[in-house]
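Participant: Got a structure for you, written out below as structure tokens; questions coming shortly.
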Amino acid sequence: MDWMLPPAFSTFAPDIDRIYYVILVLTAIAFVIVEAGLIWFVIKYRGRPDRKAYYTHGNATAEIVWTAVPAVTVVVLGIMSGPIWNKVKGRDSVPADAMPVGVRAQQFEWHVTYPGADGALGSADDFTVRNQLHVVVNRPTVVMLTAEDVIHSFFVPAFRLKQDAVPGMEIRVWFEPTQTGRFELACAELCGLGHYRMKAFVEVHTQEDYQRWLAEQTQAAATQ
Amino acid sequence: MATTAATLDQAIHHAHVDDRSFLRKYVFSTDHKIIGIQFLIMSLLFLALGGLLAMVMRWQLGFPGQAMPGGGVLPETMAPGGVLLPEFYISLVTMHGTFMVFFAIMPLLVGVFANFLIPLKIGAPDMAFPRINMASFWIAVPAGVLMVAGFFVEGGHAGAGWTAYAPLSAMPEMSGVSLGQQFWCVSLVILGLSSILGSMNYIATIINMRAPGMTWFRLPLSIWALFITSILVLLAIPILSGAAIMLLFDQTIGTHFFLPADGGQPLLWQHLFWFFGHPEVYILILPAMGFVSDIIANGSRKPIFGYHSMVFAIVGIGFLGWIVWGHHMFQSGMNPTLGMTFMISTLFIAVPSAIKTFNWLGTMWRGNLQFHVPMLHAIAFVAMFVIGGLSGVFMAATPVDIYIHDTYFIVAHIHYVLFGGSLFAIFGAITFWYPKMFGRLMSPFWGKVHFALTFVFYNLTFWPMHELGLKGHMRRIYDPSEYEFLQPLAPTNRFISIAAFLLFAVQLIFALNFVLSWFFGQKADRNPWKDTGLEWVPPSPAPHGNFDHTPTVYHMPYEFSHPHATEDYVPQNRPLEGQTRPAAAPAGQ
């Protein structure tokens, strides 16, 4: 059984992975204590005709210890997790220089709207591409996430990012890729019979590659 | 001696009480024990059905796109040529969850054992409202029939998951399902009525009908757990019923509670569903914890360690259950600031859970452990519940949840709690109280074989699901081979499927043991496990009316291995050495 997380390629992914491994270590310790204790007791105190069980109703010190230790541990975990959550999902977490992209989820595809050459959404040079999200490496992208029909979920495992797309809401979610390449984008919320094939890819370009791709697209749009 | 007394008791009851017709005695019975057994048979059938649906799903996940052996019997609308259709697959996903949660685990824990155990364990002749109790079973039956019927209507059964997220569940034009989803809503509303009537009855009975001397802190932990569970049921189920009616109206009469195009709120459904749904999760585990406490004390021949802490932990879990629902919705688009609040309240569930786990260990510590079949299942419960509890911490931590939400990690988690936890406790509880139900013991040999094989195949099935989730495998997908990043996981999926088939197959041992022991099992005396509870006072099976005279309770439950007692257990209705009167005032005074 492999408890390691797969490679990650976004700026906040190492933070998420780190808190995962912290929890993995803490829960592994608790797991070993309890299971080893259980096995030890099962062997050591197995019934024998001449054995008489030790008559006791409990122990206040023990109760305090096994109440306080988990309580302190979970508070520490909460304190460690809070800032990372805020960094990824907090209301003011989106970097100011993030490139805006519109993503509209619809049974069973992803419509990605690009801002065009002017870098702003909602202008005349916007264009829309199906099931391809092209972004620039080492530059934050903010996705304006909407849904046309039912709830979908924008999931890029390699970026450790997941956000539901809800009809009637526009949710802003950001990421900054740290490596060029092609990564899969999946729908993670049951959205109907085609849910399993509602997939797209994220293509992470260098700045120059992205400009070249943008020019091609703009040209294609112009000649149509 | 015991046999003579038992015969005498039966003679008295036959002479004075039990002249009911067959129909009144076994079908439209007001006897809480018969109602419990009726729920037991119904919910075991649904458990088998829910398991069967899971096997069909596992075929598709292990062998995507291949014709299922025996799949040819399914109609064209489900699996043409034996190959599952995606719309049928999501119906399976939906109905596996629905049947297991609402028609198997919940009635097994509450319908069966609250009915059977509460009057017997508190020293009462029956429930406070026996006719309402009968109604609660006979209302559940049409709900079950309707839920099964949904498979055979046009458009197929509900396919929006057991959580029925709107707007998918509310819009037939998006899901392709109309009648099936409506059957789902109506069935749950009817079943909810059954649960509400039942829980009202359990609460009234526990408050009012305890035998003299049965004070609150002399109640067995199983009764404490069922009491708190009943309160949760009474408060949570109406929320589900209301939400299901709203959903039904959205589909049928043109309301738009959850439809954004007309000003509705999709997230409102999730808030309502999970405000019911998280207490529901504890409804599905608290009674199991109660049964396990009873069985572990018995199997360890020791009083339960930290009885009062155990009671407060049950109450604490019941309370926390109401303020954690948002943890199902971290990635839903809910205000992210709420994420912090719900993360902290959720993490705190670890505290009462840890209290319970360590007190079970404390009970076994320096005990004289008897590895009878119920005890084996109870030990497995502790071992597996710990895994389910610890895997919950990963999802409670909001940053990690971003990644593992809606993956197989959550599937592993829920099955470690509901199968590794609740179902092992149910197997233990059925074996433990079977002699009181039917007057015979289940075969200990086949019980141990079933336990060992279930324990092994269960872990082989669900443990690797953690790995699937950590690699990003989404849940509820019909064909994982669609994704490149999931293709390396195909062998794991196949391994899980084969383990699941074996897990399902070995349940036949339990089914046979259950049915055959009814006729051929070893006859049980009144108290085959040498237990301290009042349910072991009357003969096995307990007659109508339970006790020939109301017992008096002298002490706390679980008086095992008392230093001054001659035997290693002192039943609650027998004074401890040197005790002449009930040490506390009788209940209700």
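Participant: So how many residues does the stretch A:71-98 have that are in contact (Cβ under 8 Å) with a residue 24 or more places away in the chain and either surrounded by 19 or more Cβ atoms within 10 Å (Cβ to Cβ) or assigned to a helix (DSSP H, G or I) (or both)?
Facilitator: Initial filter on the stretch A:71-98 (in contact (Cβ under 8 Å) with a residue 24 or more places away in the chain): A:73, A:77, A:80-81, A:84, A:87-89, A:93-95, A:97-98.
Restricting the remaining residues to those that are either surrounded by 19 or more Cβ atoms within 10 Å (Cβ to Cβ) or assigned to a helix (DSSP H, G or I) (or both) gives A:73, A:77, A:80-81, A:84, A:87-89.
Total satisfying the criteria: 8.
Participant: In a helix (DSSP H, G or I), in contact (Cβ under 8 Å) with a residue 12 or more places away in the chain and aliphatic (A, V, I, L, M): is that true of A:I39 in this structure?
Facilitator: Details: in a helix (DSSP H, G or I): yes; in contact (Cβ under 8 Å) with a residue 12 or more places away in the chain: no; aliphatic (A, V, I, L, M): yes.
For A:I39, the condition - in a helix (DSSP H, G or I), in contact (Cβ under 8 Å) with a residue 12 or more places away in the chain and aliphatic (A, V, I, L, M) - is not met.
Participant: Only one residue in A:A71, A:A28, A:A36 is under 18 Å from B:M364 (Cα atoms) and of a type in the set (G, A, S). Which one? Break it down stepwise before answering.
Facilitator: Working: A:A71 fails: under 18 Å from B:M364 (Cα atoms); A:A28 fails: under 18 Å from B:M364 (Cα atoms).
Result: A:A36 is the single residue among A:A71, A:A28, A:A36 that is under 18 Å from B:M364 (Cα atoms) and of a type in the set (G, A, S).
Participant: Could you check the stretch A:9-36 and list, in sequence order, the residues that are in contact with a helix residue (DSSP H, G or I) (Cβ under 8 Å, 6 or more places away or on another chain), assigned to a loop (DSSP other than H, G, I, E, B) and more than 9 Å from chain B (Cβ to nearest Cβ)?
Facilitator: Within the stretch A:9-36, A:F9 is the sole residue that qualifies.
Participant: Here is a further query. Can you report the number of residues in the stretch B:167-182 which are crowded, with 20+ Cβ neighbours inside 10 Å, over 10 Å from B:L247 (Cα atoms) and at the interface with another protein chain (Cβ under 9 Å from one of its Cβ atoms)?
Facilitator: Matching residues across the stretch B:167-182 total 2.
Participant: Right, something else. For the stretch B:289-342, what are the residues that are more than 20 Å from B:P399 (Cβ to Cβ), at the interface with chain A (Cβ under 10 Å from one of its Cβ atoms), of a type in the set (F, W, Y) and touching a helix residue (DSSP H, G or I) at 6+ places or on another chain (Cβ under 6 Å)?
Facilitator: B:F305
Participant: Looking for something surrounded by 20 or more Cβ atoms within 10 Å (Cβ to Cβ), more than 30 Å from B:S194 (Cα to Cα) and in contact (Cβ under 8 Å) with a residue 40 or more places away in the chain - is there at least one such residue anywhere in the stretch B:89-106?
Facilitator: no
Participant: Just to be sure before I move on: is A:V103 within 30 Å of A:Q217 (Cβ to Cβ), in contact with a Leu (Cβ under 7 Å, 6 or more places away or on another chain), aliphatic (A, V, I, L, M) and touching a residue at least 24 places away in the same chain (Cβ under 8 Å) in the structure I sent?
Facilitator: Numbers: within 30 Å of A:Q217 (Cβ to Cβ): yes; in contact with a Leu (Cβ under 7 Å, 6 or more places away or on another chain): yes; aliphatic (A, V, I, L, M): yes; touching a residue at least 24 places away in the same chain (Cβ under 8 Å): yes.
Yes: the conditions hold for A:V103.
Participant: Yes or no: A:W3 surrounded by fewer than 13 Cβ atoms within 10 Å (Cβ to Cβ) and under 20 Å from the mean Cα position of the chain (by Cα)? First the steps, then the outcome.
Facilitator: On the way: surrounded by fewer than 13 Cβ atoms within 10 Å (Cβ to Cβ): yes; under 20 Å from the mean Cα position of the chain (by Cα): yes.
The answer is yes for A:W3.
Participant: Would you pick out the residues in the stretch B:381-418 that are more than 23 Å from B:M57 (Cβ to Cβ) and more than 10 Å from every other protein chain (Cβ to nearest Cβ)?
Facilitator: B:F381
Participant: What strands (runs of 3 or more DSSP E), lying completely within the stretch A:109-224, carry at least 2 residues that are buried (at least 18 other Cβ atoms within 10 Å of the Cβ)? Write out each step before concluding.
Facilitator: Values: elements: A:109-114, A:127-130, A:132-136, A:141-147, A:152-156, A:161-165, A:171-175, A:181-187, A:199-205.
Output list reads A:109-114, A:132-136, A:141-147, A:152-156, A:161-165, A:171-175, A:181-187, A:199-205.
Participant: OK, next. Could you tell me how many of the residues in the stretch A:51-69 are outside any loop (DSSP other than H, G, I, E, B) and either more than 7 Å from chain B (Cβ to nearest Cβ) or among the hydroxyl-bearing types (S, T, Y) (or both)? Let's see the steps before the verdict.
Facilitator: Taking the stretch A:51-69 as the starting set, the residues that turn out to be outside any loop (DSSP other than H, G, I, E, B) are A:60-69.
In the following step, the residues that additionally are either more than 7 Å from chain B (Cβ to nearest Cβ) or among the hydroxyl-bearing types (S, T, Y) (or both) were identified as A:60-61, A:64-65, A:67-69.
Residues in the stretch A:51-69 being outside any loop (DSSP other than H, G, I, E, B) and either more than 7 Å from chain B (Cβ to nearest Cβ) or among the hydroxyl-bearing types (S, T, Y) (or both): 7 in total.
Participant: Among the residues of the stretch B:29-61, which ones are buried (at least 20 other Cβ atoms within 10 Å of the Cβ) and not in a helix (DSSP H, G or I)?
Facilitator: B:S29, B:D31
Participant: Would you confirm whether or not the stretch B:63-70 contains a residue that is away from chain A (no Cβ under 14 Å), within 29 Å of B:Y165 (Cα to Cα) and in a loop (DSSP other than H, G, I, E, B)?
Facilitator: Restricting attention to the stretch B:63-70, the residues satisfying the condition of being away from chain A (no Cβ under 14 Å) are B:63, B:66-70.
From what is left, the residues that are within 29 Å of B:Y165 (Cα to Cα) are B:63.
Then drop every residue that is not in a loop (DSSP other than H, G, I, E, B), which leaves B:63.
Among the residues of the stretch B:63-70, at least one is away from chain A (no Cβ under 14 Å), within 29 Å of B:Y165 (Cα to Cα) and in a loop (DSSP other than H, G, I, E, B), which makes the answer yes.
Participant: Got at least one residue in the stretch B:371-392 being without any contact (Cβ under 8 Å) to a residue 12 or more places away in the chain and farther than 25 Å from A:Y54 by Cα?
Facilitator: yes
Participant: Something else about it: Residue check, B:I285 against (1) of a type in the set (V, I, T); (2) surrounded by fewer than 24 Cβ atoms within 10 Å (Cβ to Cβ); (3) in contact (Cβ under 8 Å) with a residue 60 or more places away in the chain, all met but one. Which one?
Facilitator: (2)
Participant: With the checklist (1) under 30 Å from B:W162 (Cβ atoms); (2) touching a His at 6+ places or on another chain (Cβ under 9 Å); (3) within 13 Å of chain A (Cβ to nearest Cβ) in hand, flag the one item B:H473 doesn't pass.
Facilitator: The one condition B:H473 does not meet is (2).
Participant: Which ones in the stretch A:6-60 are of a type in the set (F, W, Y) and over 21 Å from the mean Cα position of the chain (by Cα)?
Facilitator: Residues of the stretch A:6-60 of a type in the set (F, W, Y): A:9, A:12, A:20-21, A:31, A:40-41, A:45, A:54-55.
Listed by number, the residues that qualify are A:F31, A:W40, A:F41, A:Y45, A:Y54, A:Y55.
Read-outs: derived from the displayed coordinates by stated rules, not from any lab. Small disclaimer: the values here were computed from a predicted structure and weren't measured. Neighbour counts are summed over all protein chains in view; Cβ atoms, including those assigned to glycine, are modelled from backbone coordinates with ideal geometry.
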